[in-house]
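The values are calculated or read from the model by the stated rules, or taken from the named source; none is laboratory data. Small disclaimer: the values here were computed from a predicted structure and weren't measured. Using ideal geometry, Cβ is built from the backbone for each residue, glycine included, and neighbour counts are taken over all protein chains shown.
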Amino acid sequence: MTITFPGESAAYRAARERLLAQEIELRRAMEAVAEARRALPPGGIVPEDYGLHGEEGEVRLSELFAPGKDSLVVYSMMFPRDPHDDRPGPRDGACPSCTALLDQLDGAVEHVSPHLNFVVIAKAPVEKLRAHARDRGWRRLRLLSSGGTAFNHDYHAETPDGAQRPMLNVFHRDGDVVRHFWGSELFYAPTEPDEDPRHVGTLEPSWNMFDLTPEGRGPDWDEQLSYG
């Protein structure tokens, strides 16, 4: 099926048809990757039942699985931010990029929560996490502090010298056993020049929206805590 839009030229239509073929191949590739991900063999057993901290007090990792929902998606937020991050905002505050992603996921949680468990874990004390959530107007995200635990270190959300890193990890419960299923290791994979890791790229509406425009992502824009 070929469609056209008002006023387009033959050159535009020919180029658009070539691009459409690429988009179809990308769709196929994305589904193939998703299928391969689902087919991964069992991952490693979680080495300890980490004691995390929320508003309700301590909660164990195993307690984050609601009845009937055996997948747990954990986003590790950089809070405090990377020490070399020079964007405006407190040096010991939350990462603007992590904040931008979570601004968007706060709305998505309502739609995915009937099928999976989703939490945000950060090194900062829970009081600072809740204050940041109030500032951002988050209503659905469950935020937990991993302070005093090895969770960030074990699941590659922290460098050996203690700098925080953004990671998405998925865990799966099989009976009484909790295993690691998948992690966004693309963050640590080599990139092409001027290319960011895009380890959670399929979850980021803002960047993907820029990709639909003639201007693209542009070299001079990055997420901020506020825009003047």
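Overview of values
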{"quantity": "Selected residue (only one of Leu20, Leu72 is touching a strand residue (DSSP E or B) at 6+ places or on another chain (Cβ under 7 Å) and surrounded by 10 or more Cβ atoms within 10 Å (Cβ to Cβ))", "calculated": "Leu72"}
{"quantity": "Which numbered condition Pro219 misses (of (1) surrounded by 12 or more Cβ atoms within 10 Å (Cβ to Cβ); (2) of a type outside the set (Asp, Glu); (3) not assigned by TED's automatic domain parsing to the domain that holds Ala94)", "calculated": "(1)"}
{"quantity": "Close pairs from the stretch 158-178: first free of Cβ contacts under 8 Å to residues at least 40 places away in the same chain and more than 30 Å from Asp85 (Cβ to Cβ), partner basic (Lys, Arg) and loosely packed, with under 11 Cβ neighbours inside 10 Å, Cβ under 6 Å, at least 6 apart", "calculated": "none"}
{"quantity": "Number of the condition not met by Asp174 [criteria: (1) surrounded by 13 or more Cβ atoms within 10 Å (Cβ to Cβ); (2) more than 15 Å from the chain's Cα centre (by Cα)]", "calculated": "(1)"}
{"quantity": "In the stretch 43-65, the residues that are modelled with pLDDT of 95 or more, over 16 Å from Val177 (Cβ atoms) and in contact with a Leu (Cβ under 9 Å, 6 or more places away or on another chain)", "calculated": "Gly51, Leu52, His53, Gly54, Glu58, Val59"}
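Rundown of residues vs (1) exposed (fewer than 13 other Cβ atoms within 10 Å of the Cβ); (2) more than 22 Å from His53 (Cβ to Cβ), yes/no style:
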{"residue": "Pro114", "(1), (2)": "yes, yes"}
{"residue": "His153", "(1), (2)": "no, no"}
{"residue": "Val170", "(1), (2)": "no, no"}
{"residue": "Leu186", "(1), (2)": "no, yes"}
{"residue": "Asp194", "(1), (2)": "yes, yes"}
{"residue": "Leu203", "(1), (2)": "no, yes"}
